[in-house]
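The values are calculated or read from the model by the stated rules, or taken from the named source; none is laboratory data. This structure is a prediction, so every number in the text was calculated from the model and none was measured. Here the Cβ is made from the backbone with ideal geometry for all residues, glycine too, and neighbour counts use every protein chain on show.
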Amino acid sequence: MELSFLRPLYEVPGPVLSVHLDTSREDQDADKRIEIVWQGLKRDLQDQGADLPTLNAIEQAVGGSPDLVGAQGEALFAADGQLLAVHTLAAPPTRNRATAGPVADALETALDRDRQLPYVVVAIDRQGAEIDGYALGAFDPTLSRSFNGSTLHITRVKTGGPSKASYHRRTQNLWDRNAAAVAEEIVDAVNAVDAAVVFVGGDDKATAALRDQPAVQGLDVEIVDISGGRGGQDAVASLRKSLDDGLAAASQRAHNKAFQEYASAIGTGSGVSSIPTVADALAEGRVGTLLLSANIPQSPSKWSSDRSPLMVASSAHPLDDNSAFEMPAPALLLRAATLSNSNFTEIPADQKVTDGCGATLRF
């Protein structure tokens, strides 16, 4: 995953306020609960020396996505009285927390984005399809298409008679034409959001006809069948549930693949592990992809500075900089990776890497 979305957090001098809170909307008291949580976090930030203008900048933005029902979270960042970024999280943070530090505390935000995928979801039957494309990190479709083909004689004739065969041929031709048109719309959606996976739910025969289309077969993305479809509220509800499960499974597969590539890089000498070794590679601009565990140890803290943002050191001495400061290692490693145009991926929970930190190297 690219880290360019984090750059605004590092383009201003600290202190930077970083807030992660649960903004789930699963009950009628959600607004009140979110306000109570924020007020507690606000007091924490005041105790850490946060100034009033910067607190006000966050307060005006807190609240999550009111139209997004269900579990969610929110990450907000501000400095010098200005809101730097607001990110809706696909899942609530591990805990509500707020920090004021020289560098943004953005690891959980990066992890949440990394667990998501750009995707297309297709609900299809023999009349047409609903096609929605979701860009990486988007909760609303970037592209939405509804295709409805001809329904004339769309159901196969069950009775006999001399016209039965021609009706069947006409029906099959309609299915094929509808599938071909839907396939072209899917290709457009995949290209529009740079999708990593296409989820298809609906009528079995329509789905089979769709998979036979050359346009679909030519796509260089994973195509996954899911349950549910277009046919009423129950079908749509089933589609949404199976889509959530499918996204989680696809994300896990993507992370396992990325980790296997890292393991291969280790074997050839083009990968490294441990915080000190990765920090050295970041300082030299050699890191292609930074890998961090969600449970990377927060201690010991490391040192960096505004003048040398790519350096993550064990003490202030190597920096030779009066602006040097100390922070937990993940925040500094993530800043260095972002500013050196490195990519990022999470280390799967069942994999062990020294210090919960690794990297593949550019050279």
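Before moving on, here are some points about what is shown:
- Residue list for the range 1-22, restricted to those being at pLDDT 95 or above and β-branched (Val, Ile, Thr): 16, 19
- Meets criteria (surrounded by 20 or more Cβ atoms within 10 Å (Cβ to Cβ) and either assigned by TED's automatic domain parsing to the domain that holds residue 303 or more than 30 Å from residue 306 (Cα to Cα) (or both)) for residue 229: yes
- Within the set 254, 265, 281, 250, the sole residue that is surrounded by 15 or more Cβ atoms within 10 Å (Cβ to Cβ), touching a Gly at 6+ places or on another chain (Cβ under 7 Å) and farther than 20 Å from residue 104 by Cα turns out to be 265.
- Among the candidates 17, 41, 83, 3, the residue that is closer than 22 Å to residue 134 by Cα, in contact (Cβ under 8 Å) with a residue 12 or more places away in the chain and of a type in the set (A, V, I, L, M) is uniquely 3.
- Taken over the range 251-304, residues that are in contact with a Leu (Cβ under 6 Å, 6 or more places away or on another chain) and part of a loop (DSSP other than H, G, I, E, B) amount to 3.
- Only one of the numbered conditions (1) loosely packed, with under 14 Cβ neighbours inside 10 Å; (2) over 25 Å from residue 90 (Cβ atoms); (3) among the acidic types (Asp, Glu) is not met by residue 244, and that is (2).
- Top-ranked residue of the range 211-225 - restricted to ones that are charged (D, E, K, R) and in contact (Cβ under 8 Å) with a residue 24 or more places away in the chain, ranked as nearest to residue 250 (Cα to Cα): 222
- Residue check for residue 88: polar (S, T, N, Q) and either outside the structural domain of residue 28 (by TED's automatic domain parsing) or surrounded by fewer than 19 Cβ atoms within 10 Å (Cβ to Cβ) (or both): yes
- Matching residues in the range 25-45 - criterion: being within 12 Å of residue 59 (Cβ to Cβ) and of a type in the set (S, T, N, Q): 39
- Test: residue 54 is more than 22 Å from the chain's Cα centre (by Cα) and among the β-branched types (Val, Ile, Thr): yes
- Residues within the range 289-303 that are at pLDDT 90 or above, crowded, with 18+ Cβ neighbours inside 10 Å and under 28 Å from the mean Cα position of the chain (by Cα), tallied: 6
- Residue, nearest to residue 283 (Cα to Cα), within the range 322-338, restricted to residues that are crowded, with 17+ Cβ neighbours inside 10 Å and more than 20 Å from the chain's Cα centre (by Cα): 336
- Any hit, the range 47-59, residues being modelled with pLDDT under 95, over 24 Å from residue 291 (Cα atoms), exposed (fewer than 15 other Cβ atoms within 10 Å of the Cβ) and touching a strand residue (DSSP E or B) at 6+ places or on another chain (Cβ under 9 Å): no
- Subset of the range 138-193 [assigned to a helix (DSSP H, G or I), aliphatic (A, V, I, L, M) and at pLDDT 80 or above]: 179, 180, 181, 182, 183, 186, 187, 189, 190, 192, 193
- Any chance residue 315 is touching a helix residue (DSSP H, G or I) at 6+ places or on another chain (Cβ under 6 Å), among the small types (Gly, Ala, Ser) and part of a loop (DSSP other than H, G, I, E, B): no
- The residue pairs whose first member lies in the range 122-134 and is closer than 16 Å to residue 208 by Cα, whose second member is part of a strand (DSSP E or B) and β-branched (Val, Ile, Thr), and whose beta carbons are closer than 6 Å, counting only pairs six or more residues apart or on different chains, are 122/131; 122/200; 129/122.
- Residue 88, sole failed condition from (1) of a type in the set (Val, Ile, Thr); (2) in contact with a Lys or Arg (Cβ under 9 Å, 6 or more places away or on another chain); (3) within 26 Å of residue 134 (Cα to Cα): (2)
- The range 1-38, subset assigned to a helix (DSSP H, G or I) and among the aliphatic types (A, V, I, L, M), residue nearest to residue 110 (Cα to Cα): 6
- The range 20-34 - residue that is touching a residue at least 12 places away in the same chain (Cβ under 8 Å) and surrounded by fewer than 17 Cβ atoms within 10 Å (Cβ to Cβ) and, of those, farthest from residue 72 (Cα to Cα): 31
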